[in-house]
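Notes to accompany the following structure.
FYI, it's all coordinate maths here, none of it is from the lab. Computed from a predicted structure; not experimentally measured. Neighbour counts run over all protein chains shown; Cβ positions are idealised from the backbone, glycine included.
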Amino acid sequence: MLKTIIIRELQNHLYSLRFIFALILTLFLFGVSSMSFIAEYKEQKNTHEQGMVKFQEYKKDLAKNASRFAQNRTYLPLAPRNSGFIASCQEENIPNTIIYSAFNVFNYDISEGNKNPFVLPLKSVNWEFILVLLFSFLAIIFTFDAVSGEKEMRTLALGLSNPVSRGILCAGKLIGTVIILTMFVVLGIIVSVLILLFSGQTMITYTTVAEIGGFLLLSLLLIACSSCVGLLTSVLSYRSNTSLLIGLMVWLILLLIIPHTTLLLSNRLFPVESSEVIIQNTNNSRKTIEAGFPEGKWRSESNNPFTPDHQIRANMQMEFMLGEKKIRDNWYNSQFSQYLNTSKMTLISPMFIFEMGNEHMLNGGFQRFINNWNDLHTYQEQFLTWFKAFDSKDDKSPHWYNPYEDYSTSKSKVNIDEVPVYSERIVPFTQRLSRSGIYIALLSIYTAILFYISFVLFIRYDVR
Amino acid sequence: MILHIAKKDFLDNFTSARFVAGFLLCLFLVPFTVYTGTRLYESRVDKYQRDAREADEIFTKAQVYAQIQPVAVIQPSPLTIFSKGISEQVGSKASLSNSEIPTFATGITTMYENQFLNRFVSLDFINILAIILSLIGVFLSYDIFSREKEDGTLKLLLSNNVKRSDFFLGKVSGILLTFIPLLLVCYILVFIILWISPSVSLSADDYARILLLFVFSLLYLSFFILLGSYISSKAGTSSTSLIINLFIWCFLLFLLPNSMSYLGKNIVKSDNYSIVRMNTMDLDNEFWKKYGELQKQVKAETGMVYTNWNLCAGWNYGPVLLCFTTHDVMKYERRMHELTAPMVLDYAGKKWHLQEVYLNQLFHQQKIVKYLSCLSPSEILKYVSSSLCKSDMENHVDFMNQARNYREQFFNYYKENKIFSSYNYFSPHKESEIPKTQEEAMKMVAQWRSTAKPESTFDLSSLGFISTAGLPRFTYNERGIIDGLSDQLWIFAGLISACVVLIWITYSSLIKYDIR
């Protein structure tokens, strides 16, 4: 019976106007997303490579003086991700550059890169965007009249007067919609992948195929969940137009209003100090530290590294840095917590669960940033150990470590090949998939609950 | 007759579930968004006041001319509560140093200090209106004719002595009339919130802009009502009309603007800013080479071997505030400043050529993206609103241009008045007060320390301030409404034309309708 209902639903959708509209929009958007990604990725990759070449030249120049080399504030931009066509994970809008030296990981920033600050903020069109916007919308458009339409036409009473289980009828309608929309997604993905392959810009590796598989699984769940929203409103209403109105209002709430509201509430619920307070605290810390050091703390002699005042100066500068680091690291951690708490609140929306699932599965966005942030702290310690070892071999250096000035550490030339190099850690796909497991589970639970409510309400429907 | 039909439709719509649902959503969202927008505006005003005070102190607390590197600050407009435009993406102050002509403004560049929160959707009043009102517009107009056809009332109506044009105008006016109280309530709610917040004060010009915003919101709504009416006049059934309307709505509001913007940005390329910075760094390196040569030249000219600065604070291509230092060193530093200052300005100009090319690429890209995304009426509403609310690109570019012109005027004043070659450029001492020998200088330092009792090593506040009364100061002249609207004339005309076309084709379709 379930099979018959599903086939009937598929036939219904196949001959409907919405089917044609959905097909046109799917092909248009997947086409636009791939073509734009090819152009964007090529540009970003070239720029990143050019930047790396310039950076190496700059490093070679700096390597003439070991202290300057170690103290230099290096900007580490995250390389463009080749899975960006699946989901950009908003990497262009959140910090994507980390600033460090051998002594400290100082700060993070949003690289201006290819961004145009004069263009009104809009989202990149990628597969995730298409699913979140178009397919959640289509799911409601395809299900809004699943029950209410039959109620209006009085075919539901006829249908239920036959020996058909209400659960099977309800599930059949849902599965029919999920199948047809998943087919659209698969079709879109095939078109998109073909364009990407013909362009020759993106390598489709085994990992990429696995990532596409993971994306399909999440998409299936999002479509099922959104279809359940449509089904629920359809069960609730007696008229199709009412169910469509309610469905679209719920869609707007889940898509826009929940993320917008949680953002507005975030500063109130999870307050974070302003940058002015941090600057003020840093200045106060500097003043206190400076007051504790004797006269001569600012004295220097560029020709004599062993001047005793250099040791006082180095200790003071080190304390300045450590004092500021303590204040700033606390501030950064509170910013991370604020973001994570706001994200947790936003998980009310299935669209956001879907986005978070993709972020973990692709190791993009905040996940990628925080991995690099933590790894860079480990690297910075290795870099400092290397510098200290290098400095200890130099008899001309008094070994008084100053994070900002080269008065009291080695000024010898560095062989750049001996310096430890930072490279981004590749997180294995299985690990990423297991991290996104929680979001897969959440979407499944969400879908199950919505379906259960729809089913219970449908059972209570009196055909008389 | 038009009035009669309009009144009937107005009453029908006003009590319909679809209108009430949309109205309630607006009633929740508008105050919430505007209240938060007002709080954010208040924090921007606080920051502006701090920045303006600091910019002023650059002049009032200057001890030498070299310390004065002006900063131009722009006051946030309370109208950004209505439409934030690009105000969150661009800064609010321009640092006008001698070494660089600013490409971008600095200061507040995101709504929230936590940059990770950029990940979330941030809507303003106009976004809410654009989404919710257009959806209600679609829901009220999708069955405007098709329902009457389905129910058979259209035949009845047209068989009476009712002109089809009257019927059409009456129906459309009925829906538009329904929106007037809804829009009025939304705007009144905004005004109430603005009036009770102490930091927001609206000028007569602001009220005029809000009035235009109201009129434009109505025009935007008219588009969706007319589109709905046209589809309704063509569609066989109301359900078909609704499905087509909703697909078009979703496409115009969400899919088209993002696709066109993304496509536009990738069709019209701009250089990467990091590369532009690297190229300007090449010019900096060239400058430093010349600077080194200049040092050698001046050392040879003045016979200087070792420059011993007894008390100095700051460095800007030479000491910024140098005092209690011997005459020969001061003479050397004066000569260095005299020669390097014009060179610094010259290199800022050279770097500007690269920056200007890059900026022009960004402007060109913005224009293409704007015109492509303005295929969507919601984007037209956003662009016109941001122009009216002084948060669009043109307003920002105007501020930056004024700031850059002021920078030129300021440093020209230095050149014309030979400030770069004077001792007062970098020292609070007159030439006659400069010590001749190191012993004399150290005595002066000891004497100053015992009398002035500085709080820290670099506390030189007791040295007094220079008079900056004659120096040019920055004042920002805001653009008028007409200037702002003239920039958006084409897209504005585009929306009106689309409405006129829709009226014409809907009317034609209605005329062609055969009641038999």
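Odds and ends about this structure:
- Computed over the Cα atoms of chain B, the ratio of the radius of gyration to the Kirkwood radius (Rg/Rh) comes to 1.16.
- Under the convention that each Lys and Arg Cβ holds +1 and each Asp and Glu Cβ holds -1, the size of the dipole of chain A around its Cα centre is about 1120 debye.
- Cα-based Kirkwood hydrodynamic radius, the range A:160-220, one decimal, Å: 14.0 Å
- Neighbour net charge for B:GLN488 - beta-carbon separation under 9 angstrom, K R +1, D E -1: -3
- Of the peptides A:147-160, B:131-144, B:321-334, the ranking by mean beta-carbon count within 10 Å, highest at the top, reads B:131-144, B:321-334, A:147-160.
- In degrees, nearest ten, helix B:273-302 long axis to first principal axis of chain B (Cα): 20 degrees
- Simple Cβ-charge dipole of the range A:129-223, Lys/Arg +1 and Asp/Glu -1, about Cα centre, in debye nearest 20: 220 debye
- Sequence of B:SER83, B:SER450 once ranked by neighbouring C-beta atoms within 10 Å, starting from the fewest: B:SER450, B:SER83
- Rounded to the nearest 20 debye, the dipole magnitude of the range A:367-464 is 680 debye, with +1 charges on Lys and Arg beta carbons, -1 on Asp and Glu beta carbons, and the Cα centre as origin.
- The distance between label points at A:SER434 and B:SER99 comes to 5.1 nm (points 7 Å beyond Cα on the Cα→Cβ vector).
- Other protein chain C-beta atoms within 10 Å of residue C-beta, averaged over B:268-278: 6.
- Rounded D (µm²/s) - the range B:409-449, Kirkwood Rh over Cα pairs, Stokes-Einstein at 37 °C, 0.692 mPa s: 273 µm²/s
- Shielding by partners - mean other protein chain Cβ count within 10 Å, residues of A:328-336: 1
- Full extension of the segment from A:GLU424 to A:PHE306, taken as 0.36 nm per residue of separation minus the current Cα-Cα distance, would add 38.6 nm.
- Between the amide H of B:LEU311 and those of B:CYS323, distances stay under 5 Å, these residues lying 5 or more places away or on another chain, with hydrogens modeled in the peptide plane.
- Residue separation of A:ILE459 and A:LYS344 scaled by 0.36 nm, minus their Cα-Cα distance, works out to 38.0 nm of gained length.
- 13 Å beta-carbon shell around B:LYS415, net charge (K/R +1, D/E -1): -2
- The angle between the Cα long axis of helix A:350-362 and the main principal axis of chain A comes to about 50°, on a 0 to 90 degree scale.
- For the range A:215-226, backbone phi angles converted through the Karplus equation (6.51, -1.76, 1.60; θ = phi - 60°) give residue-by-residue couplings of 5, 4, 4, 5, 4, 4, 5, 5, 4, 4, 5, 5 Hz, Gly and Pro being listed as x.
- Average Cα contact separation per residue, chain B, under 8 Å, 6 or more apart, as relative contact order %: 25 percent
- Under 5 Å, built H, 5+ apart or other chain: amide partners of B:PHE82: none
- Sequence ranges B:383-396, B:210-223, ranked by mean other-Cβ count within 10 angstrom, highest first: B:383-396, B:210-223
- Note on B:TRP504 and A:ARG166: with the Förster distance fixed at 35 Å, the Cβ-Cβ geometry gives a FRET efficiency of about 0.10.
- Per the Debye formula on identical point scatterers at the alpha carbon atoms of the range A:360-464, with no solvent, log10 I(q)/I(0) at q = 0.18, 0.19 Å⁻¹ is -0.94, -0.99.
- Sorting B:179-189, A:222-232, B:462-472, B:90-100 by their mean Cβ neighbour count within 10 Å, with the most densely packed peptide first, gives A:222-232, B:90-100, B:179-189, B:462-472.
- Karplus-derived HN-Hα couplings along the range B:239-244 (A = 6.51, B = -1.76, C = 1.60, θ = phi - 60°), whole Hz, x at Gly and Pro: 5, 4, 4, 5, 4, 4
- The mean number of partner chain beta-carbon atoms within 10 angstrom of a residue's beta-carbon across peptide B:244-250 is 5.
- Alpha-carbon radius of gyration plus Dmax, which is the widest Cα pair, for the protein assembly as shown in Å: 33.4, 114
- Among B:ALA313, B:SER203, B:LEU156 - extreme Cα towards positive end, dipole of chain B, charges at beta-carbon: B:LEU156
- Look at the dipole of chain B built from charges on Cβ: of B:ILE491, B:LEU117, B:LEU242, the Cα furthest out on the positive end belongs to B:LEU242.
- Ranking A:LEU376, A:GLY292, B:SER391 by Cα position along the charge dipole of the protein assembly as shown, where only Lys, Arg, Asp and Glu carry charges on their C-beta atoms, puts B:SER391 farthest toward the positive end.
- With a threshold of 30 Å on the Cα-Cα distance, the over-threshold entries among A:LYS411/B:LYS290; A:LYS115/B:LYS61; A:LYS54/B:LYS289 are A:LYS115/B:LYS61.
- Long-range amide H partners of A:THR74 with built H, under 5 Å: A:TYR100, A:SER101
- A simple rule links phi to the HN-Hα coupling: the Karplus curve 6.51 cos²θ - 1.76 cosθ + 1.60 with θ = phi - 60°, which for the range B:20-32 gives 4, 4, x, 4, 5, 5, 5, 4, 7, 6, 4, x, 4 Hz, with x for Gly and Pro.
- Computed from Cα positions, the angle between helix B:327-373 and the longest principal axis of chain B comes to roughly 10 degrees.
- Relative exposure of B:THR178, B:THR15, B:THR38, judged by other C-beta atoms within 10 Å (fewest first): B:THR15, B:THR38, B:THR178
- Compared with the alpha-carbon gap, the fully stretched path from B:ALA17 to B:PHE363 is longer by 120.0 nm at 0.36 nm per residue.
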